[in-house]
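This report concerns only the one structure given below.
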Amino acid sequence: MRIRGFFLFRRYTLLIFIILLLLSALVLMSLRAKQRKGIEVSDALLMEVCSPFQKAATFMIDTVQGTFQHYVFLVNLEKENRMLKKKIAELQEKDQQRKEMRLANERLRELLQFREKNSPSMVGAEVIGRDPSSWFKSITIDKGERDGVKKGMAVISPAGVIGQVLKTAPHYAVVLLITDYNSAIDTMVERTRAKAIVEGKGENRCQLKYLLRADEVAVGDIVVTSGLGGNFPKGLMVGEIKQVDKKGHGVFQFAELIPSVDMTRLEEVFIIMEPSLPTQSPEEKVRKGKKTKK
Amino acid sequence: MKRVITPLLIGILFLILQTTWLSSFPIQRVRPDILLIFTLYLACLFPPILGGILALLMGYLMDLFSGNILGYYTFSRPLVFFAAQFFKERFYLEGFPSQFLFAFTFGLLEGVIILMLMGTLQGVPSGGLFSLFFTFLLPQSFSTGVVTPLLFILFQKGSSLLFRQPEEGLKEKA
């Protein structure tokens, strides 16, 4: 009987191995979902091993590309173009800040809070890699826990919001971009102050959800952070509304948003080290609860 | 040991290339998945147990630098590996068309697995995901398929150099 059992086991060894391997993958997924310490430590360790090579490769690619762009093709034009683009981005940012200041002045009670929230301490980081798969949208940066970077911290650029820190290693971190399906941030329409949640739509697009049907929104409206999530300061530009969908019935309307930052051309980013407010919007609470449930 | 460490290091090298060099391409939709091609090559050459573990590790590495929270590739890569192992005898893996079709099919298969996982575990609306099939999954699988024959030749040359088995190639195995 025992011999028969042994032969049966040998016969099905491969099948048992495949099942065990796939089960272990599912266990890993479950551990990730529960954010267990062990898996986070192993992730951080592997990231520490791989990221220096990633950084070196990015440096080499940038150097080669830079050589071609700067010296072979366009000697001065490229440099001038970059400088002008930088200047435009700075001016846009200044213009954005000015608009926000004007609106904040109208509501005198919020003036002081607004200033405090728009001058948080920030750390600059370099983008050293992007998501290996095209399904998900993330970047790897060269700042980690040793630099004070923690999970959930906001990542921005002069043009607007980029995303949030998803995973951290001692010297590196992975940032989830706002265009990713898993991303959700608390925002409001700058003109009408209508609250909504911005969710990623995969490619360089986002969707404005939980926007009340009664709220007035139009194509071209600017969407800024509401500051209610706790991670992002109030008034940072998120993007511009490209399409409004009021079809169907229900309490909410939907809108499509083009992010103000071109996520495909990110090179340097800023991490906001001080969260603005510890409060959380009811929409986000509902959303977070929904996500945890799933 | 060499048969484990070497493919793993090559996998890390491809992952780095995928997250840096390939990401700098202007058209993201036609970015080939070279790590998937490598997994398919492992399916053609490696035994199921060793190859399966390597595929799991490749998936784990993908998830490490990816924005997906749950780690879908740790699950999908071994699945694709075993499916490729099962079907490799049914494909004549010499020549451009068959190798293209092989990679294209498994690129689509993995995409469908990811879409299903996203739909069921994350609750991403199926309407949005369905549009991704045509706008994104097909072009990416196509580009992966186009690059596969070239990379298979390089892998064959590399493996015969590394493992000193010039007679052992895709032709003999498949």
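Here are a few things to note about the model shown:
- The residues A:142, A:62, when put in order of fewest to most other Cβ atoms within 10 Å, stand as A:62, A:142.
- For residue A:166, the residues whose amide H sits under 5 Å from its own are A:152, A:174, A:175, A:176, ignoring neighbours fewer than 5 places away on the same chain, with H placed 1.01 Å from N.
- By the beta-carbon count within 10 Å of each Cβ, the least crowded to most crowded order of B:21, A:135, fewest first, is B:21, A:135.
- Taking all Cα pairs closer than 8 Å and separated by 6 or more residues, the relative contact order of chain B comes to 26 percent.
- Net charge of the neighbourhood of residue A:59, taken over other residues with C-beta under 13 Å away and scored Lys/Arg +1, Asp/Glu -1, is -3.
- Here B:34, A:141, A:61 are placed in order of increasing Cβ neighbour count within 10 Å, fewest first, which gives A:61, B:34, A:141.
- Debye log10 I(q)/I(0) for region B:46-98, one point scatterer per Cα, at q = 0.12, 0.25 Å⁻¹: -0.33, -0.88
- Between the helical axis of B:2-19 and the longest alpha-carbon principal axis of chain B there is an angle of about 40 degrees.
- Which of B:78, B:112, B:8, positive extreme of dipole for region B:2-173 (C-beta unit charges): B:8
- Taking each of A:79/A:234; A:86/A:167; A:34/A:234; A:86/A:143; A:34/A:247; A:99/A:209 in turn, the alpha-carbon distance tops 26 angstrom for A:79/A:234; A:86/A:167; A:34/A:234; A:34/A:247.
- Under 15 Å from residue A:246, Cα to Cα: aspartates and glutamates that are on another chain or at least 8 residues apart: A:215, A:216, A:256
- The Rg/Rh ratio of chain B, with Rg taken over Cα atoms and Rh as the Kirkwood radius over Cα pairs, comes to 0.96.
- Under 15 Å, Cβ to Cβ, from residue B:138 - net charge with Lys/Arg +1 and Asp/Glu -1: -1
- Net charge dipole size for region B:2-173 [Lys, Arg +1 and Asp, Glu -1 on Cβ; Debye, nearest 20]: 180 debye
- Whether region A:11-50 is rounded, prolate or oblate, judged on the alpha carbon gyration tensor where a/c under 1.5 counts as rounded: oblate
- In order along region A:158-172, the Karplus-derived 3J(HN,Hα) couplings, from 6.51 cos²θ - 1.76 cosθ + 1.60 at θ = phi - 60°, round to x, 7, x, 6, 10, x, 10, 5, 9, 10, 10, 10, x, 10, 9 Hz, and Gly and Pro are given as x.
Each reported figure results from applying straightforward, stated rules to the coordinates on display, with no laboratory input. Treat the numbers as computed from the prediction; the structure is a model and nothing was measured. Because the Cβ atoms are built from the backbone with ideal geometry, glycine has one as well, and the counts that use them run over all protein chains shown.
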